[in-house]
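The values are calculated or read from the model by the stated rules, or taken from the named source; none is laboratory data. These numbers were taken from a predicted model, which means no experiment stands behind them. Methodologically, a virtual Cβ is constructed for each residue, glycine included, from the backbone with ideal geometry; neighbour enumeration extends over all protein chains shown.
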């Protein structure tokens, strides 16, 4: 879900980072809402990353297979995160 744009529209972002893209659909919505912004998405899960690559192909959105954390999957599993 994309949050209301009221405040973001005022600052006219040049670059938007999306962390945890999942399927890339929010990144697509961000490019519609902010057509002059560069959207850069990140997805750590290998299967979800492949889905993002397919969904974002040709969109101009950058998608990176990377986690934005210093936790490994094993460490996050111990925390009860999945």
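Let's see how each residue does on (1) more than 12 Å from the chain's Cα centre (by Cα); (2) modelled with pLDDT under 75:
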| position | (1), (2) |
| --- | --- |
| 4 | yes, yes |
| 12 | yes, no |
| 25 | no, no |
| 30 | no, no |
| 37 | yes, no |
| 44 | no, no |
| 53 | no, no |
| 56 | no, no |
| 77 | yes, yes |
Out of all the residues in region 40-67, which are surrounded by 15 or more Cβ atoms within 10 Å (Cβ to Cβ) and in a helix (DSSP H, G or I)? 48, 49, 51, 52, 55, 56
Contact list, first residue from region 5-21 and on the phi < 0 side of the Ramachandran plot and in a helix (DSSP H, G or I), second anywhere and at pLDDT 75 or above and surrounded by 10 or more Cβ atoms within 10 Å (Cβ to Cβ), beta-carbon distance below 9 Å, six or more apart or interchain, is 8/16; 8/33; 8/34; 9/33; 9/34
